Amino acid sequence: MKDSNDILFYDEDGLFFEFSNFYPLPVKIDGAFWLTSEHFYQAQKFINDSSKEKIRLAKTAEEAYLLGNNLQESRVDNWENRRVQIMERAVYEKFSQHDFLKEKLLETGELLIKENSPTDSFWGIGSDGLGKNVLGRILMDIRNKFKNLEEAKQSVKPKWMCIEDSVEIPTEYGKMFFNVYMDHKGKEHLAIISGNIDVDEHVLVRIHSECITGDVFKSSKCDCGIQLDRAFKFIGEETQKGKGGIILYMRDEGRGIGLGNKLRAYKFQQQGFDTIDANKIIQTPVDDRNYVLPSQILKSLGINKVRLITNNPLKIKDLENEGIEVKRVKINSSVTPFNKDYLSVKNNIMGHNIGIDY
């Protein structure tokens with residue numbers, strides 16, 4: 001049902017038409033520019049790049065919508081199960097890339113946001129006002145994420161305290177200095193430094209979230225341990241060239257939801273649910289991390305330019321939002337029968353740019 005205080009969007013002449021995917025505002029995703037978030041969303045229905053490009057070049061959101069629904073070309077499987085995650089990404093990118101839009105979203109406070117579509121009872125509220133309003137819920141979730149990021153920025157101590165002096169430890173990839181940092185919640189993180197760090201250059205950096213099952217026990221369900229080992233190898237090779245690098249080991253187990261919740265999600269994955277749906281079943285975020293803390297550590301070391309070892313575009317964006325200049329260094333993953341679905345979700349739904357070693 002509608003309330004006089006609800007934020008309603010749909011019509012072009014409405015006060016909140018900017019919230020609509022049809023609002024003419026460009027968005028950059030995976031290195032390509034899309035005239036609207038609707039263009040990107042509709043294009044993801046198709047397998048062939050030629051079909052996607054046809055939609056990307058559509059002159060209006062309306063034209064992109066019609067192409068997405070009428071093109072008689074090969075479409076992706078299980079679209080009904082994937083469409084919400086695709087929409088979440090499209091909308092997040094749109095709002096995160098345009099500050100005025102993010103501010104307008106935050107200004108809605110705690111008010112309900114509803115797509116006032118008279119014909120769509122899935123994305124909107126439908127003619128009777130009782131529709132699922134999935135798009136409105138996505139906007140409210142993104143609003144909460146932006147709020148949490150702002151609160152994190154305010155709560156982080158302006159200066160980090162190194163608990164102990166740097167301790168040199170020999171590793172498989174050479175001697176490295178281990179530095180312990182404590183965040184504003186009392187959680188300890190590591191900055192592992194190798195070789196000579198030239199802060200005037202782009203420093204090779206890996207920001208790695210703790211994964212005890214993959215990093216320590218070499219689980220085959222994920223690629224975390226593989227990526228950590230390869231990052232150490234990259235930095236070891238950089239050190240041998242007379243340079244150096246840093247691994248920030250952040251205590252964000254399970255993408256921030258904790259070890260217990262991660263293992264509970266694993267149980268549902270064993271029943272056939274993917275990573276995203278399993279997290280939703282146990283009512284935890286798909287990714288509860290932010291990169292304010294690692295940005296603070298880098299800045300405390302005098303580093304404002306990095307070559308970041310990552311496949312995650314959101315990690316790059318968050319660092320850039322904190323004033324860190326980023327160049328990406330790709331890191332490949334190895335596919336196994338146990339992690340292929342996990343890697344597929346990261347690559348196709350969460351937007352990671354993963355290179356695969358078979």
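Worth a mention:
- For the range 222-237, the criterion of being acidic (Asp, Glu) and under 18 Å from residue 298 (Cα atoms) is met by none of the residues.
- The listed residue being touching a strand residue (DSSP E or B) at 6+ places or on another chain (Cβ under 9 Å) and under 20 Å from residue 139 (Cβ atoms), out of 90, 61: 90
- Test for residue 126: is it assigned by the TED database to the domain that holds residue 99, farther than 26 Å from residue 285 by Cα and either in a helix (DSSP H, G or I) or at pLDDT 90 or above (or both): yes
- Residues of the range 11-30 that turn out to be surrounded by fewer than 17 Cβ atoms within 10 Å (Cβ to Cβ) and under 12 Å from residue 92 (Cα atoms), as a count: 1
- Only residues that are closer than 26 Å to residue 290 by Cα and over 19 Å from the mean Cα position of the chain (by Cα) were counted in the range 235-260, giving 7.
- Annotation: of all residues in the range 53-79 being at pLDDT 95 or above and of a type in the set (Lys, Arg), the one that is surrounded by the fewest Cβ atoms within 10 Å (Cβ to Cβ) is 59.
- Of all residue pairs spaced 6 or more apart or on separate chains, those with beta-carbon atoms under 8 Å, a first member in the range 210-221 that is closer than 18 Å to residue 257 by Cα and assigned by the TED database to the domain that holds residue 192 and a second member that is among the acidic types (Asp, Glu) and part of a loop (DSSP other than H, G, I, E, B) are 210/252; 214/223.
- When 222, 211 are screened for being at pLDDT 90 or above and touching a helix residue (DSSP H, G or I) at 6+ places or on another chain (Cβ under 6 Å), only 211 passes.
- Residue list for the range 45-58, filter: assigned to a loop (DSSP other than H, G, I, E, B) and in contact (Cβ under 8 Å) with a residue 24 or more places away in the chain: 45, 47, 48
- For the range 12-32, filtered to residues that are within 18 Å of the chain's Cα centre (by Cα) and either outside the structural domain of residue 139 (by the TED database) or not in a loop (DSSP other than H, G, I, E, B) (or both), the residue that is farthest from residue 317 (Cα to Cα) is 32.
Per-residue answers, yes or no, for (1) out of contact with any His (no Cβ under 8 Å at 6 or more places or on another chain); (2) of a type outside the set (A, V, I, L, M, F, W, C):
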residue	(1), (2)
204	yes, no
213	yes, yes
223	yes, yes
228	no, no
252	yes, yes
255	yes, yes
258	yes, yes
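- Scanning the range 190-209 for residues being surrounded by 20 or more Cβ atoms within 10 Å (Cβ to Cβ) and either of a type outside the set (S, T, N, Q) or in contact with a Ser or Thr (Cβ under 6 Å, 6 or more places away or on another chain) (or both) gives a total of 11.
- Subset of the range 245-274 (residues that are on the phi > 0 side of the Ramachandran plot and surrounded by fewer than 16 Cβ atoms within 10 Å (Cβ to Cβ)): 258, 272
- Figure legend. Inter-residue proximity from the range 225-244: first residues surrounded by 17 or more Cβ atoms within 10 Å (Cβ to Cβ), second residues of a type in the set (Asp, Glu), beta-carbon distance below 6 Å, spacing 6+ or different chains. Indicated pairs: 225/215; 228/215.
- Residue satisfying all of: in the range 152-173; surrounded by 11 or more Cβ atoms within 10 Å (Cβ to Cβ) and more than 16 Å from residue 299 (Cβ to Cβ); modelled with the lowest pLDDT among these: 155
- Scan of the range 5-15 for residues that are without any contact (Cβ under 8 Å) to a residue 60 or more places away in the chain and either of a type in the set (A, V, I, L, M) or within 16 Å of residue 138 (Cα to Cα) (or both), ordered by number: 15
The values are calculated or read from the model by the stated rules, or taken from the named source; none is laboratory data. Nothing here was measured: the structure is a model prediction, and the numbers come from that model. Note that we place each Cβ from the backbone using ideal geometry, even for glycine, and neighbour counts take in every protein chain shown.
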